[in-house]
Structure formats: structure tokens, C-alpha cells
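Worksheet: the structure to be examined is printed underneath.
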Amino acid sequence: MTDQFSKKTEAWSARFNEPVSELVKRYTASVDFDKRLADVDIEGSLAHAEMLQAVGVLTADDLAAIRGGMKTIRDEIANGRFIWSLDLEDVHLNIEKRLTDLIGDAGKRLHTARSRNDQVATDIRLWLRGTIDESRHLLAQLQQALLDLAEEHADTIMPGFTHLQVAQPITFGHHLLAYVEMFARDAERLADCRKRVNRLPLGAAALAGTTYPIDRERVARTLGFDGVCENSLDAVSDRDFAIEFCAAASVLMMHVSRLSEELIIWMSARVGFIDLADRFCTGSSIMPQKKNPDVPELARGKTGRVYGHLMALLTLMKGQPLAYNKDNQEDKEPLFDTADTLVETLRIFTDMVGGIRVKADRMRAAATEGFATATDLADYLVRKGLPFRDSHEIVAHAVRLAGDSGRDLAELPLAELQAFSPLIAEDVFAVLTPEGSVASRNHRGGTAPDQVRQAIARARTRLGTDSP
Ligand code: ARG
């Protein structure tokens, strides 16, 4: 009986009359994808064993043997020599079996006061915590890249759009800062999600806790958790922390996707505001002139895939009674793929933003089309005493005349402008230029170059203090 675990392949097999069918084995096994948890699985096991020894459940010799065995296993995995077995279902049983092969009975004692249910929940949390930290780091770098570009273009004029129609002149730096704000909120969301990820499930055992005199706080400290999960049933069953991460990742990808869409529009020959470095683009096999913005297009596409993972996890949880159900094994692939997609996207975007070439002349030219300074003329008349609604009407007439005669507002001679209102004087031309227009939006959050520079400085300070 004591040899049960080493003789049979499945840890539970004494109760069964026939082995699991091959089909079922493949259907239920998760080792192909959960083996990437090996490192955190071992880390969790070592903290658990250390605690068991401290409370007198394991001997010092057992602990020493476990540590030695785990070191060997880590090396085997790192060198690609570890043999993963589908028969052993998942990462946890694979490692435990190898440990027992290496060190005998001490290996079999490791699973005292623990279940795979609290073990896997701990592993995912440890793994996700690392992923969140990596994402936050990459997100900070992306913000730095945007800030560097914004600084370079604090004075660069471009048209601002609403409804994709030219609206008012803005600075390119100001436009980029909008994304810095979005990504700063994404970083906050990740940091907030981390708080709830960083709780220890171990000690919940299968679902109800354990009869051993465990010290959960000690394990939590060893593993760097902020505290323990309060309720054992909740600890083994809920994956809301993974859902939260996927939700934060979805919002982040939504922002990346909007930026991608703009990069694609800006790079089209029609618009021609920017050029992306060649290493982020591909050509066409048939049209020699093509340079396609593949990276932003793919990021836009991958956003849908991340949303899909969020839906998958929400749906995975919604029908599960307490506590652990095997459904939860399905949490890993969507979570892993979300993290991989996010991390790769952030990494490539930082590099890509750093390589954006801005065609400032094209941007400025576009800002002088479409009567982008019409609002400035209206505001000018208001400053001269006219009610805004009246001035709005007057400017609409001026825009019509300019449009009909193929000229911009700034190209109308003073006499023609004065026909619309005697309040118009020589000083009107200062507000009709895009430079005058942006400079006059001179308050916190506005597009004036001075404000852009101040906003960049504040964002840099925030990044310096927030960075993980
Ligand atoms: N591979 C399983 C998972 O990912 C580990 C937990 C298995 N627990 C169980 N009672 N079968 O969820």
C-alpha cells in the first residue's frame, strides 16, 4: 500500500477497476500547456515544505531531500532533459512523481496538507503576478517612447479630427499625450489587479482546509504574497483575478488598437503624416510599390483575440458551483495567450514608436485645409464683444465664401473679412494661423506647446514614481 503512488501511474488509481482510456487521458491532460508553470510550482512546493518542517510535520531531513530533488528537477527542466508524461496528467503530478523517483518517501510526503486544487491556484497567481510586473514594466517603456516622441513634436502642427473631419489644429505632441494618459490608466488597472492576484490560496487544500497545524501566513511571506485568501472554498474555485487581468489586458489592447488604426491611417499615401521604419512593415508579392503596416494591423487583429479570451474565462466561471471543478483547468490557455499577446505587443510597440518618422510639413499642410481655425475666428469676434452664437453664424458665412472661392480663411484679404463684421481688424491673422490657434489653447490639458511640455514633465514624474 505504501508503494501505491510509485507502482500505479495515477495518484488515485487504487479506487479504480480499469485504467483511463487513451482518449480520456489526452482529453483531460493539461501538461502540454501547464508545464510552463513548472518554475512557480516548484517555488510554491518549496515554501510549503519549508512551512511543514517548521510546524513539525516534515523532518529536517525530508526538507533537505525535497530541496535537493527540486534543484535536480529545475536543472533537468532548464536543460530540456525532464521527461514530461501525459500519463501524469499535469505539471504538478509530473514534478511530484519525478521528485519521488529521485528522493523516495520524502517526495511522497510533500503533498501533505495540500491538494492540487490549492496548488494550482497558487501557481497561477504566482505566474500571473510575474506577468503583471513584466507588463507594467513594458507599459512604462511604451509611455517613455511616446513621451520622447511627444517632446520632439511639442510644436509640430497637425489637424485634430472629430468624425474624422478636420476640426481644429493641434500639436502632434498633444495627440501622442492622449495615448500616454490611456496607457497610464492601463498601468493603474494592472497595479490594482495585482493586489487581488497577490493572495495565497495554499492551505485551502481540496476545499475545506486541512487537519494539519499549518502556518499559512508563513508561506504567504515566503512567496511574497500580501496575505492569504480568507475562505478555503473561494481560494480554490474562483478565477476572478485572472478574469480581471484579461479585462485590464482587453482595455489596454483596445487602446493599442486605436493607436494602430491611427498609425495605419497616418501612413497611408493619401494622408502621409508618418512613416514607420521598414522593419515593422512588409511588401507585397505582387505590387512592388507597397509598404504595408503589418505590425499595427496585426495588433488591431490580436485585440479581438484577447477580447475572446476574456469572454472565454467569464463563460468558464459562470456556471460553476463551489468549489473546484475541472472546468478550471481551461483557465490556462486563454490566460497564457492573453499574457503572451500583451507582452509581445507592448514590446514591439515600444520599438515601433521609437522608429516613427514624422512628416511635419504634410501634417501642417493638412491643418490649414478644412478651415481648422474657424473656431478661432469665432472666439476672436467674441473677444471683441459679439455673442458666441452670432459670431458662429458670421464665421459660417466667411467659411462658405472661402470655400466657394477655393481659399483658406487666412487667405481672405482683410477687406473681404471686414465685410462680415466691422469688428475684424489686422490682428485677426494672428488667430487664423494654426500656430496662433494652438498657442492660444494655453491651459492645463490644452494643446499649446507650452502646455504640452508641462504635461510631458508631469507624465515623466508620474512614470518615475509609479514604475514597478
Ligand atoms: N490540472 C488541474 C487544473 O489545472 C489541477 C487541479 C486538479 N484538481 C483536481 N481535483 N483534479 O486545474
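Figure legend. Inter-residue proximity from the range 81-100: first residues farther than 24 Å from Asp62 by Cα, second residues among the hydroxyl-bearing types (Ser, Thr, Tyr) and more than 11 Å from the ligand (Cβ to nearest atom), beta-carbon distance below 7 Å, spacing 6+ or different chains. Indicated pairs: Asp87/Thr9.
Quick check on my filter: what residues within the range 363-416 are closer than 21 Å to Glu435 by Cβ, part of a loop (DSSP other than H, G, I, E, B), open to solvent by less than 50 Å² (accessible area, probe 1.4 Å) and at pLDDT 90 or above? If the condition is that a residue be closer than 21 Å to Glu435 by Cβ, part of a loop (DSSP other than H, G, I, E, B), open to solvent by less than 50 Å² (accessible area, probe 1.4 Å) and at pLDDT 90 or above, then Leu412 is the only one that fits. Scoring Ala167 on the criteria (1) open to solvent by 10 Å² or more (accessible area, probe 1.4 Å); (2) under 18 Å from the mean Cα position of the chain (by Cα); (3) small (Gly, Ala, Ser) leaves a single failure, condition (2). For the range 130-166, filtered to residues that are within 24 Å of Gly227 (Cβ to Cβ) and β-branched (Val, Ile, Thr), the residue that is nearest to the ligand (Cβ to nearest atom) is Thr131.
When the range 81-129 is filtered for residues that are away from the ligand (no atom under 16 Å from the Cβ), over 18 Å from Gln53 (Cβ atoms) and assigned to a loop (DSSP other than H, G, I, E, B), the ones remaining, listed by number, are Arg81, Phe82, Ile83. Within the range 419-468, if we keep just the residues that are among the aliphatic types (A, V, I, L, M) and surrounded by fewer than 16 Cβ atoms within 10 Å (Cβ to Cβ), the residue that is farthest from Leu146 (Cα to Cα) turns out to be Ala419.
How many of the residues making up the range 153-200 are under 19 Å from Ala366 (Cβ atoms), part of a helix (DSSP H, G or I) and not hydrophobic (A, V, I, L, M, F, W, C)? Total meeting the criteria: 3.
Is there a residue in the range 327-336 that is within 16 Å of the ligand (Cβ to nearest atom), polar (S, T, N, Q), under 30 Å from Asp234 (Cα atoms) and in contact (Cβ under 8 Å) with a residue 12 or more places away in the chain? It would help to see each step written out before you state the result.
Keep residues of the range 327-336 that are within 16 Å of the ligand (Cβ to nearest atom), which gives 327-336.
Retained after the next criterion (residues that are polar (S, T, N, Q)): 328-329.
With under 30 Å from Asp234 (Cα atoms) added as a condition, the list becomes 328-329.
Now restrict to residues that are in contact (Cβ under 8 Å) with a residue 12 or more places away in the chain: 328-329.
Yes, because at least one residue in the range 327-336 is within 16 Å of the ligand (Cβ to nearest atom), polar (S, T, N, Q), under 30 Å from Asp234 (Cα atoms) and in contact (Cβ under 8 Å) with a residue 12 or more places away in the chain.
Could you say whether any residue in the range 41-64 is more than 16 Å from the ligand (Cβ to nearest atom), loosely packed, with under 15 Cβ neighbours inside 10 Å, among the acidic types (Asp, Glu) and more than 31 Å from the chain's Cα centre (by Cα)? Yes, that holds for at least one residue. Scanning the range 349-359 for residues that are part of a helix (DSSP H, G or I) and surrounded by fewer than 17 Cβ atoms within 10 Å (Cβ to Cβ) gives Asp351, Gly354. Of all residues in the range 237-252, those that are open to solvent by 30 Å² or more (accessible area, probe 1.4 Å) have Cβ atoms under 8 Å from Cβ atoms of residues that are of a type in the set (Asp, Glu), 6 or more apart or on another chain, in Val251/Asp186.
The values are calculated or read from the model by the stated rules, or taken from the named source; none is laboratory data. Small disclaimer: the values here were computed from a predicted structure and weren't measured. Glycine also receives a Cβ, built like all others from the backbone with ideal geometry; neighbour counts cover every protein chain displayed. To get the accessible areas, we keep the full protein, side chains included, count just its heavy atoms, and leave off ligands, DNA and RNA. Shrake-Rupley method; radii C 1.70, N 1.55, O 1.52, S 1.80 Å.
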